[in-house]
Structure formats: structure tokens, C-alpha cells
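Let me begin by presenting the structure, written as C-alpha cells, before commenting on it.
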Amino acid sequence: MGAETVAGGGGGLDTAFFVAWLEEAAGEIARQRDRLTELDAAIGDADHGTNLDRGFSEVLRALRETPPASPAQALMAAGATLIRRVGGASGPLYGSAFRQMGKALDSGEAPGTAVTPAAFAEAFGAGVVAVERLGKAAAGDKTMIDALAPAARALAQTVRDGLGTGEALARAARAAADGARATVPMTARRGRASYLGERSVGHEDPGAASSALIVAALTTAASRTAAG
Amino acid sequence: MGAETVAGGGGGLDTAFFVAWLEEAAGEIARQRDRLTELDAAIGDADHGTNLDRGFSEVLRALRETPPASPAQALMAAGATLIRRVGGASGPLYGSAFRQMGKALDSGEAPGTAVTPAAFAEAFGAGVVAVERLGKAAAGDKTMIDALAPAARALAQTVRDGLGTGEALARAARAAADGARATVPMTARRGRASYLGERSVGHEDPGAASSALIVAALTTAASRTAAG
Amino acid sequence: MKKLINAAESLVDDALTGMAAAHPGLRVRDRVVLRAEGPRPGKVGLVSGGGSGHEPLHAGFVGYGMLDAACPGEVFTSPVPDQVMEATRAVDGGAGVLHVVKNYTGDVLNFEMAAELCDDVTVASVLVEDDVAVQDSLYTAGRRGTGATVFVEKIAGALAEEGAPLAEVARVAEETGRRSRSFGIALTSCTTPAAGRPTFDLPAGEVELGIGIHGEPGRTRAPFAPARELAAVAMDAIHGDLPLEGDLLVMVNGMGGTPLLELYVVFAEVEAYARGKGARVARSLVGNYVTSLDMQGFSVTVCRLDDELTRLWDAPVETPALRWGR
Amino acid sequence: MKKLINAAESLVDDALTGMAAAHPGLRVRDRVVLRAEGPRPGKVGLVSGGGSGHEPLHAGFVGYGMLDAACPGEVFTSPVPDQVMEATRAVDGGAGVLHVVKNYTGDVLNFEMAAELCDDVTVASVLVEDDVAVQDSLYTAGRRGTGATVFVEKIAGALAEEGAPLAEVARVAEETGRRSRSFGIALTSCTTPAAGRPTFDLPAGEVELGIGIHGEPGRTRAPFAPARELAAVAMDAIHGDLPLEGDLLVMVNGMGGTPLLELYVVFAEVEAYARGKGARVARSLVGNYVTSLDMQGFSVTVCRLDDELTRLWDAPVETPALRWGR
Ligand SMILES: Nc1ncnc2c1ncn2[C@@H]1O[C@H](COP(=O)(O)OP(=O)(O)O)[C@@H](O)[C@H]1O
Ligand SMILES: Nc1ncnc2c1ncn2[C@@H]1O[C@H](COP(=O)(O)OP(=O)(O)O)[C@@H](O)[C@H]1O
Ligand SMILES: [Mg+2]
Ligand SMILES: [Mg+2]
Ligand SMILES: [Mg+2]
Ligand SMILES: [Mg+2]
């Protein structure tokens, strides 16, 4: 994958990029595992970091064992692995998101075909919708949606605005980070943090935090594959 | 009971004196309850203070409910109450000690008769022997014996030496206190402290400590009844 | 953190090895705990599961008259669909399978996914949601499933053992849940092996009211109080939601780190409270049944019995954690 | 200190009130816990007792096939002779009474006094002294009675239920004790309600080896280690004293504050250890049976079974804490 893939306006995102994304996400989640678990300790059950770390390690292993032949395969394999290995609320939710993204990109193209940033933006949006449907959560409920939905909007907007892939991913990362931070003052209405009612105020939602990491990994993946 | 009872060489120790003894012992045990329990926490099971406090409170109640008519009655009632209310190792041991003292003084005299210091010294010795028999402990085993036996010897000696009652009781108190302190470097061989082996070294035996309190109460009882 | 484990990662598998070795009536396969004797043709199968750390729930309730399989997840993490699918297929005796699901987002999603994927088995599902501490369920994921799970598993399991059809077993499970309410109070947090330190800090003089079973903090914090008052807080919350009347099945449940001696003290207060309301504690359990690792505290679960539920509660059961009549 | 109590002074009585309310098969009278149905003429009566804080021991083992009465003392304080006398007289069905006494100075003295005073009843006594942590018993009060008490009460209780004479019941009780050994390890101290703080301080990285059941420190302190190593320490001590061979009855017992999940991990290690020595764990118990209030830790008790003991262990029992076959 060349530098233009991520820098250029219409460059394609290839399989290597998606593998790199999953690797970067896994690495960051491993590094931030304890922080995620601590966030979950405050308003949940102190397992979010270990849950995701376990799941993403398995994603890495799956990708190594069966190298994906297309972006769609990479994302669907990741989704299936997360569903099969994480458990909890975040397993089915993240798993469905990745699976749905993969499905959206699985347009029957020949293996190895790179996808356009526009197609990815749409697929990402479809992934977020899958989470919303499954979890019956809306924006403002203090969940991963509050980081994922702004990221999806930012991606779509940058594509509409014709900005470059690098810029698109960077804006998505910023939107996710802002979205995660914005969960701090919210009262949780979904997931186990909702049991705390007002006591959930003042804490960042762990799922929103992990979503921000996963979205941010898009930019590191881009620079890595661009650099490599 | 007059001042000479305790100050004079041959004065008798009457029922009021023994009641006062038990009251003073009960008061001191209540005050030092937590210290006794802490000593027991170090090398036992953290109940010696509560055990004895429960028992001696019951002794006070029993003495109030059925005022004893003789020294022997006072001591036998105390012994029976301790056996019936304390439990643990110290209940039967102290209970038997007091009961044996009472029995030894129960020479069929008319109720109300005061006992001689010599008779008391002998009775006290009989009480200590009862403890030794029941508990199969010897001097140096780091038990209440290490405070009680020196007290018994001091009492017997002062009587032999013809010293006054006050002096006799004071020497007994000192001997018991010294004996209790002397248990610190000992390795326990009886009671639950023995399970600790060498780890029992460096701690005062709780039963020896409570024995020292009980013997010291003889002197406060003497000055109280002498003063009153 | 000191725990009797070899490593946090191997904890669940190591414990399952021990469970299988300790209970010849159980068979453990791929993180599914099954009755050793396998499914009985024509009998509805009962499958439950959830995060580990609540022992004896659920694996301790696998056996005659109760569950056919349990799916233990990682500590406090619901099982994955694969486990539930494997369990569902393994226990199907041709009469269908009932999933007993505690109402947590993770449990619900994972069991739902499994049920969808098991299209070769008729699956019904009952949601246990008994925790009255979660009040405004419009703005939450709904009431949590806690102690009533034991009642649902026992009572539905008894009916399944009698050969009742799936719809009937599901009905009595629903009915048991509908008649049951719980409330929990923590004196201390628990420590998950993966996190390595207490999930929350609770000052010496305070308790958490309205806790769940995952070591999470409760709805409110309150000053520590004698057992009588704490029991009254729990019973007031339950009684306020489902008035106590008639014959009650009552469980005073320890959270894992509470001495049984203290649970009996709480039970005495709970029983007196119920009597004071004119109800009767007809059946009871006192002990550790639905725990949160090493948390100190208790929960009370009350079920308003009727003749059918009483009969099914009394029916024989033979599992590691509940056993009578056999 | 936060405990589910009304007051330290009323703890034992409050708990007994709860116990009586929870278990219709029990009757509580003056700090004696009896079978509700009273003594059976011609059956040897079994009486045990000891300090409270070890629940379910002993009151939880009163019932068909096990004890006829339990005498609970104050927390960690042996009962007084009056209780034992009352229990002895209450359970005598004319065939005499066996006292099951754990070897502690206090228990021994109080039971002895009671036995002497009960001159109207034929009393035999068996001393349980199974704790291999106490080695130089020449210089101690002898080995402590710990987990084997459960085995002795169960096995002697079964023989008594069959109508065997007192001498026989005493013999099998002795035999069970002779074949049993225990070793305990603590991760934390317990806190007695009366003292209000931990009996000993145990730093984060250390454990106490060779503890008893009264919250006392052990024989030595050692660095904290994985479950496998701690189990090996316990099993080495036991095996060194009574070589493991043949069929074993094994109890992995929680000290009160240890999650069941962890006890199963320990059991897996214990079972593997025994197998490694060529022995077989033929029967087992995993759970809280002989506790030290809220202490975290475990003990292992091993009994080398023979045919008679196995048969009696398997015999029906119906008590609050052990129940099978009925
Ligand atoms: N209904 C839901 N919709 C969207 N996200 C949810 C929902 N429920 C929970 N989450 C997310 O999942 C995160 C918790 O994940 P995790 O701790 O792994 O699972 P669990 O809550 O089962 O322990 C929450 O922080 C939240 O972001
Ligand atoms: N065999 C014995 N002989 C003499 N005194 C003993 C013996 N065993 C124990 N004691 C005394 O009893 C004390 C402990 O009493 P207490 O704590 O009330 O009983 P327990 O040990 O049953 O908890 C010890 O400190 C010791 O002085
Ligand atoms: Mg969580
Ligand atoms: Mg003591
Ligand atoms: Mg979880
Ligand atoms: Mg004691």
C-alpha cells in the first residue's frame, strides 16, 4: 500500500491497512488494558480491559493463522472472533460492529481489492448502526455509541467534503476522543453503568474510551502502512 | 472489718474482704479487657478479655443476688459462676481455682467467720494446685500458673515469716506481676499458644496477665475494706 | 491481592477442573458444565450461565431437578454464544431447551445470539429481573437478575424433570420470576483477580445499598448500621415493590465473604420482618448461593409462593449446591 | 469493623434464633441445638460443640445421620459444662452418648467437667486431633482438632443411626480420627466481633502456614504463592505424616471468606497431588465447612478410607449443611 493510499483523496484502503488497524487497535488496548478496567471499576464490573484485551489478542492470532484475503474478510474475521471470545456486553457489540463493517464491504469484489474511503465510511456507519440496533442505545446514553457515532459522522462528512483519507481518519479519531470525553458528565442509560443512575455521572464510559482507542488506531495504521 | 484486719499480723479476712476482692478483680478485668484480648490476639484467639469480663460480671451479679454468708461461700460461688459462664480454657481453670479455694476454707465454721491469713495462703495454694492438676501445666509452660504459683509461694512465705496481711498481699501481687512479666520470653507449652511454638516467645501470656490483675486486686480490696 | 489461583487467566479453567473432579455427577466440556448422564429423551433441557465469580451459581445447580447445563464465562463476564450453543445442543432431548438468562446486557446479547444460531433446537428463554434496587427501569438496562435465578432454576427444573412441555416450563419460570424480588447490601467491595484490587473503596463506616452481583457499587451509600436496620432496608425495598403476604420462600444469601453466622443473624431479622407484615416464611435458604467473589454483604430474595411453586420447590433435587429428596 | 450483627454480645443468640427459624428440623433451647424430633430410644446420642464462628460446624451438622446436639459457645470460646450437660441429657435415648471433642484445652476441660457431672448418663468421648501443623505434641496441648471433625461426626453419626452400641460408635469415631489429617493456610486474618480488628496483621505478600480454626497465626509465615504451591505445602505436610494411599476422602475447606471458585482451584491441585502419589480421591467435599469467621484461606483434610468408613460416609444424612440420600 503506497503513501497515497492514505494521503490521497481517493486512494483505496487495502487488506494490509485493515490488518494494521486491527493490530494497532489490539496493541493500544493491551497497553491501556488497566485503564479501561479501572474505568469499568468505577461504574461497571472491572472487566472491560481484560475482556477486550483477551478478544483482540485472539483477533491477532486469527489474522495470523488465516491471513485475510480482503478488507471484508479481515473485518468479518475480527467480528466473529470478538463474538466468540469476549463475552460480556462489549463482545457481541464490537463483534457485530466489525462483522457488519465487513459485510458492508463484501461486495463480491475480487479478493485483495482495496476499498474506497467512501465505502469504508459507509461500512463504518453500518457497523455503528448494528451496535445501536443490538444494544438499543442512542446517543447520550453513555455508551460506546457516544464515541462511535461521532466518528462515523466525521468520516462521512470528510468524504462528502472530499478531504483526504489521512484527514478523514484523523477527524474521526478526534470525534471519537471528544465523544468519549463527553460521556463524563452523562448519566448512563444502557449497560450496567445504568444501574448506578446519577452515580455514573463524572466518569468516562469504558466502552466509549475503548472505541476512541479503536478509532484512533485507524490513523496509526494509516501512517504505518503508508510508511511501510 | 477493721483496719487491723489487713494491717495486723493475725487479723482475719472476712466475707466482706472476699466480696471486695472479687469486685476489685472484676473492675480491673473490665478496665483491662481490651488489653487482655490483645495479648490473646498475639498468641491465642483474641477472646481472653471478653471471656473473663463476661465471667466476672456474672460473678458480681451472683454475689449481689445471693450475698455470701462466708468467705468459703463467696469463693465457691465465684468459682461455680466462672465455670458456668466463661467457657474456653480459662473458665474451668479459674473456676476450679476459686472453687478449690472456697472448699479449702469451708471448714464448717459458723457463717460470717473471718479466715486467718495463714488459712487463706493455704487455700490459695490449693487453688493453684487445682489449676495445675486440671491443666496439666507446670511452671515455665507460659500459663496463668507462672503468675499464680509465685503468688502462692509469696503468700505462704510471708505467713511463715509472720509478716502482716497487707505486706503479704502486696508481696503476692508483686510476685504475680513479676511472674506474668517473666512469661514474655517463654515458649508456650500449654493452651493454644503452644501451637505457635517459638513464635509465642516475646509475648506476655494473657492468662498470666489476668492472674496478676486478680492477685493485685487482693491489695486494693484490702485497703478498701480497711478504709471502709 | 492474595487469591488461591495459579493465574488470573487460568482461573476459570482450573476451577472447572476442580469442579469436575469433585462432582462425579458433572461433566465439563469446553467450558460447558453438563450432567454426566446426558440428556433425557423427552425432557426439556435447562441451560443457564453467566460470568464466573458467583459460585455456586450456575454450575453448582447442574443436576437432577435443576439445570442440565451451565455456561461459565470469565469472571463477571457473560459466556460467549459458542458455549451456549454447545450447551443447548448437548442437553436437547427433543423437547426443546429453556434458557434461563439473568437480565444483563451481556448475558442477554450472548444468549440471544446463541439461540438464533441454534435453529435446529426449539429454544425458549426466560429473563430473570428481580433486583428492586434498579427502580427507574425506563432509563436503565432494566432490573438486574440476581437471587431469584436460584428459585427459577430450581422450580423450572423440577417441572422439566416431571416431563412438562417447554411452554409449561417457561411459564412456571416466568411465574417464579414475577413473584420474586431481591435487594443486596455490601459491607466491602470484592477484588477481581484480573483487576487485582477492590472494585470500589468503601470507608469503614459505610455500606453500599442496592448492589448487584458483579462487585459494582450500589445505588446509594449509607452509614453502617446494625443487622436489624440493614435487613429492614432490604425488606422495605422488597415489600414496597411486592407486598409481602402469604407463604414466602426467602433466601438470605451471602456475597461470598460473609460468615454464615452473620447470615443467620440477618435471616432472623428478615423472618421477624416478614412475620410483622403478616406473611410467613414457609421455605428458606441461608448461605452462599449467588456470590460476588470475596465481597462481604448479603442479599435477600423473596418469592411469594403458591401451591404449584411450593410443590416444585419441595421436589427432589440433586446438585452440588442444592440437594434434597434424593 | 463492619459485621452483620446487632451487637457482639447478642451475636450467638441472634444467630441461633435465625438458625432455628431457618431449619424446622432443629430446635434451639438454652444454647443447645437439638434435632426437633428428639432422641430415638436405643440410639446412641452424638453431642459435639465448640466455639461459635466455625459455622456450619457444629450446629449445621445436627440432624439425621449425624449429630443429635451441638453446643455453641461464644465466638471461638468453648461451651460451658452446663450446655454440654443439658445436651447430653436431652439426647440420651438410653444407649449412652458420645462426645465428639476437638482437642483444645478449653473444649477438653468443659466437656470433661460435663461428662463427670452427667453421672446419670453413660458418656464416651472421642478426641479429634488431626492438625499435622502441630508437630511437637510433647511440648504442646497436642494436635488441634480441625476438619476431621466433620468426618468423625458424619461417620460416627451414621453408625449410631444404624443402632450400633456406644463402644462401637466410639470405636469408629476414633478410627476415623486416626485415619485423618489436616493442614490449613491463611491469606488473611479474621476479625472477631468482640476484638473488632484483625487478630493478626499479614502483609500483602505473605501467608500463614499451619493455622488452626480460631484465627490464630500459623506455625510459620511464608511468601504468597500460586494455588498449586500452597496446595503442595498442605499435602506435603499431610503426606509426610500419613502417607496417601488407597481411597481417600478429601475435604478442601474454606475458612469463611474464600470464594468457592478458588476452593475448586485448590481442590484440582489437591486431587492431582493425591493422584501423583498413587492414591485416589474417592469422596470429597469442597466448600465452607469448618470456618474461622471471615478469614480467607483454606484447609485440606484427608481421610484414608476403608470399606466400613466409605459405607458410613455414603449413608444418608440430613442436616442443614450436609445432606444426601434423603
Ligand atoms: N446497550 C448497549 N449499547 C451500547 N453499548 C453498550 C451497551 N451496554 C454496554 N455497552 C458498552 O459496553 C461497555 C461495557 O463493556 P464490558 O465491560 O466489556 O461488558 P460488561 O458490561 O458486560 O461487563 C460499556 O462501557 C458500554 O460502552
Ligand atoms: N493447660 C493449661 N494450664 C494452665 N493454664 C492454661 C492452660 N491452657 C490455657 N491456660 C491459660 O488460659 C489462657 C487462655 O484463656 P482463654 O483465652 O480465655 O481461653 P482459650 O485459650 O480457650 O481461648 C492462657 O493464656 C493460659 O494462661
Ligand atoms: Mg464490564
Ligand atoms: Mg483465648
Ligand atoms: Mg462484565
Ligand atoms: Mg477461645
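The values are calculated or read from the model by the stated rules, or taken from the named source; none is laboratory data. Being a predicted model, the structure only gives us computed values, none of them experimental. We place every Cβ from the backbone using ideal geometry, glycine too, and count neighbours over all the protein chains shown. Accessible surface areas use protein heavy atoms only, side chains included; no ligands, DNA or RNA. Shrake-Rupley method; radii C 1.70, N 1.55, O 1.52, S 1.80 Å.
Buried accessible surface for the D/B pair, both sides summed and rounded to the nearest 100, is 2600 Å² with a 1.4 Å probe. Accessible surface computed residue by residue for region B:3-227, with neighbouring protein chains in place and a 1.4 Å probe, gives 37 Å² per residue.
Residue pairs exceeding 32 angstrom between C-alpha atoms, taken from C:154/C:277; C:154/D:277; C:2/D:2: C:154/D:277. For the peptides C:267-277, C:126-136, D:148-158, the ranking by mean Cβ contacts within 10 Å, running from highest to lowest, is D:148-158, C:126-136, C:267-277. Using modelled amide H (1.01 Å from N, peptide plane; none on Pro or chain starts), what sits under 5 Å from the amide H of residue D:26, excluding residues fewer than 5 places away? Those lying under 5 Å, H to H, from residue D:26 are D:36. Computed FRET efficiency, Cβ-Cβ of residue A:69 and residue D:119, R0 60 Å: what is it to the nearest 0.05? The computed FRET efficiency comes out at 0.05. What is the protein assembly as shown by shape, rounded, prolate or oblate, if you read a ≥ b ≥ c off the alpha carbon gyration tensor as root eigenvalues and call it rounded for a/c under 1.5, prolate for a/b larger than b/c, and oblate otherwise? It comes out prolate by the Cα gyration axes. Expressed as a whole percent, the accessible surface of chain B that belongs to carbon and sulfur atoms is 52, based on a 1.4 Å probe. The peptide list D:318-324, D:290-296, B:62-68, put in order of mean Cβ contacts within 10 Å with the highest first, becomes D:290-296, D:318-324, B:62-68. Pairs of Cα atoms nearer than 8 Å and 6+ residues apart set the relative contact order; for chain C it is 18 percent. Amide H contacts of residue C:52 (H built 1.01 Å from N, in plane; Pro and chain starts excluded): C:73, C:74, C:75, C:76, C:77 sit under 5 Å, all sequence-distant by 5 or more or on other chains. The charge dipole of the protein assembly as shown, taken about its Cα centre with unit charges on the Cβ of Lys, Arg, Asp and Glu (plus for the first two, minus for the last two), comes to roughly 320 debye. If R0 is 30 Å, the Cβ-Cβ spacing of residue B:160 and residue B:113 corresponds to a FRET efficiency of close to 0.85.
Which of D:303, D:287, D:183 sits closest to the plus end of the dipole of region D:180-305, meaning its Cα is farthest towards the positive end, when Lys and Arg get +1 and Asp and Glu get -1 on the C-beta? Looking along the dipole axis, the top candidate is D:303.
Of all beta bridges DSSP finds with both residues in region D:180-305, what is the antiparallel percent, to the nearest 5? Bridges in region D:180-305 are about 70 percent antiparallel. The dipole here belongs to chain B: it is taken about the Cα centre, uses +1 on the Cβ of Lys and Arg and -1 on the Cβ of Asp and Glu, and is about 380 debye. Which of rounded, prolate, oblate describes region D:180-305, given a ≥ b ≥ c as roots of the alpha-carbon gyration tensor eigenvalues and a/c under 1.5 marking rounded, otherwise prolate only if a/b is larger than b/c? Since a/c reaches 1.5 and a/b is larger than b/c, the shape of region D:180-305 is classed as prolate. Each label point was placed 7 Å from the Cα along the Cα-to-Cβ direction; for residue D:7 and residue A:178 their separation is 6.3 nm.
With the charge dipole of region C:22-66 set up from +1 on Lys and Arg Cβ and -1 on Asp and Glu Cβ about the Cα centre, the Cα lying farthest toward the positive end among the listed residues C:54, C:23, C:38 is that of C:38.
Ignore the peptide's own chain and count Cβ atoms of other chains within 10 Å of each Cβ in C:50-60; give me the average, rounded. Across the residues of C:50-60, the mean count of other-chain Cβ atoms within 10 Å is 3.
For region A:167-180, the Karplus equation 6.51 cos²θ - 1.76 cosθ + 1.60, evaluated at θ = phi - 60°, returns couplings of 5, 4, 5, 5, 5, 4, 4, 5, 4, 5, 4, 4, x, 5 Hz by residue, with Gly and Pro reported as x. Working note: Karplus 6.51/-1.76/1.60 with θ = phi - 60° gives region C:110-126 the couplings 5, 5, 4, 4, 5, 4, 4, 6, 8, 6, 8, 10, 6, 10, 10, 9, 10 Hz, where Gly and Pro are set to x.
Taking a ≥ b ≥ c as the square roots of the eigenvalues of the alpha carbon gyration tensor, chain D is oblate, as a/c is not under 1.5 and a/b does not beat b/c. In the protein assembly as shown, the DSSP-assigned H stretches of four residues or longer account for a calculated mean residue ellipticity at 222 nm of -15000 deg cm²/dmol, using -39500 (n - 2.57) per stretch and the full residue count as denominator. Leaving ligands and nucleic acids aside, the C/D contact buries around 4500 square angstrom of accessible area in total at a 1.4 Å probe radius. Computed packing ranks the peptides D:278-288, D:59-69 as D:59-69, D:278-288, most packed first, by mean other Cβ atoms within 10 Å.
Can you give the average number of partner chain beta-carbon atoms within 10 Å of each beta-carbon in peptide A:134-141, as a whole number?
Across the residues of A:134-141, the mean count of other-chain Cβ atoms within 10 Å is 2.
Other protein chain C-beta atoms within 10 Å of residue C-beta, averaged over B:94-104: 1.
The charge dipole of chain C, taken about the Cα centre with unit charges on the Cβ atoms of Lys, Arg (+1) and Asp, Glu (-1), comes to about 640 debye, rounded to the nearest 20.
Counting only protein heavy atoms and a probe of 1.4 Å, the accessible surface of chain D is 50% carbon and sulfur.
Farthest toward the positive end of the dipole of region B:40-104, out of B:90, B:56, B:76, is the Cα of B:76, where the dipole comes from beta carbon charges about the Cα centre.
At what distance in angstrom do the alpha carbon centres of region D:194-258 and region C:110-156 lie from each other? Distance between centres, Cα-based: 39 Å.
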